[in-house]
Amino acid sequence: MTATTTAPAEQKSYSTFQLAMRKLRRHRAAMISLTFILLITLVALFAGVIAPHDPNAQDLANTYGPPSRNFPLGQDDLGRDLFSRIIYGSRISLAVGFSVAIMSALLGTFMGLLSGFFGGRTDTVISRFIEFMLCLPTLPLQLVISGLFVSSDKPFIVNLRNNMGPSASVFIIISVFVIFGWMTNARLVRGEVMRIRNLEYVDAARALGASNNRIMWRHLVPNILGIIIVSATFDVGGAILGEAALSFLGFGIQPPVSTWGNMLSNAQEVVLQYPWLPFYPGLAILFTVLAFNFLGDGLRDAFDPRARH
């Protein structure tokens, strides 16, 4: 009588990214936040279809109108529909957030990769420059640069404002945040590259004759992609909050472009008489920033190799 043996079932192997996504799906707060982000992104993309009114259409006979059937969130100081302006404002907030995050991630990854991979004098120069940028008072400089652009009468800036129209202030806000926002990404990438640049697979690629560019972009960057994504996710929320702060102070994106920040600025003098004016834009900022922060927390846990079991 012969015993029969059953071969063990073959275990399916997963890549690092697949393991991270499997763990992310079990992070309830991150998945709720991701759903909200997708929803608000769709609202921004289809604002022209969803918004019931033109966001700049004025009704001076009904200024500060309370919430009603035609205007579910009320009207502002010029009789404009608050609901439509919030919907269109999501376009600006998300455009600024995603643009700043992507450009900061690209610039920070490039600088951190050079610094961490080559080391020596290259690392010293880049690291000292990063430390210098981090020592600068970011918010005052952002206010000064934005204010100069908004009020400057220099021919170059005036021509830029005239040629670009309302998008000129969006461009300058994105540029200011990128200039002062890439350093954290660079330091994260530098530290991770210094940790993995002498591992076996890098030595093997170098022994096979791979160039430095190939090693950096084909072997190092894919393995640090997790921390880049996590950092960029937090940058989106930070940029949305920063744009709202600058616009609230009057140094950000200027009317007639509707943003959540300048909607708060317009309502600050009448907040006690008409509390719905600052409430709904503030709520939009709060939920959007929290969603990106919770998603960033979930991604950070998902890409953490010490918690992948």
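Using the 1.4 Å probe convention, the accessible area of the chain works out to 56 Å² per residue with neighbouring protein chains retained. Placing unit charges on each Cβ (+1 for Lys and Arg, -1 for Asp and Glu) gives the chain a dipole about its Cα centre, and among Val270, Leu286, Ile228 the Cα reaching farthest toward its positive end belongs to Ile228. Max-minus-min Cα coordinates of region 95-139 on each principal axis give 38, 24, 7 Å, with the largest extent listed first. In order along region 241-257, the Karplus-derived 3J(HN,Hα) couplings, from 6.51 cos²θ - 1.76 cosθ + 1.60 at θ = phi - 60°, round to 5, x, 5, 5, 5, 5, 5, 5, 7, x, 10, x, 6, 8, x, x, 5 Hz, and Gly and Pro are given as x. Measure nothing fancy, just the Cα-based angle from helix 82-118's long axis to the longest principal axis of the chain, in degrees from 0 to 90, nearest 10. Relative to the chain, helix 82-118 is tipped by roughly 30 degrees. Global dimensions of the chain from alpha-carbon coordinates: Rg and Dmax equal 24.3, 99 Å.
For Thr35 and Leu283, a Förster radius of 25 Å and the Cβ-Cβ distance give a FRET efficiency of 0.90, rounded to the nearest 0.05. Charged side chains reduced to their Cβ positions (Lys and Arg at +1, Asp and Glu at -1) give the chain a dipole of some 1120 debye around its Cα centre.
Considering only Gly296, Ser175, Ala44, the residue lying farthest towards the positive end of the dipole of the chain is Gly296, judged by Cα position with unit charges set on Cβ. Here, region 176-252 is characterised by an Rg to Rh ratio of 1.19, where Rg is the alpha-carbon radius of gyration and Rh the Kirkwood radius.
The values are calculated or read from the model by the stated rules, or taken from the named source; none is laboratory data. Just so you know, these numbers come straight off a predicted model, no measurement behind them. Using ideal geometry, Cβ is built from the backbone for each residue, glycine included, and neighbour counts are taken over all protein chains shown. Side chains are part of the model used for accessible areas, which takes the heavy atoms of the whole protein and leaves out ligands, DNA and RNA. Shrake-Rupley method; radii C 1.70, N 1.55, O 1.52, S 1.80 Å.
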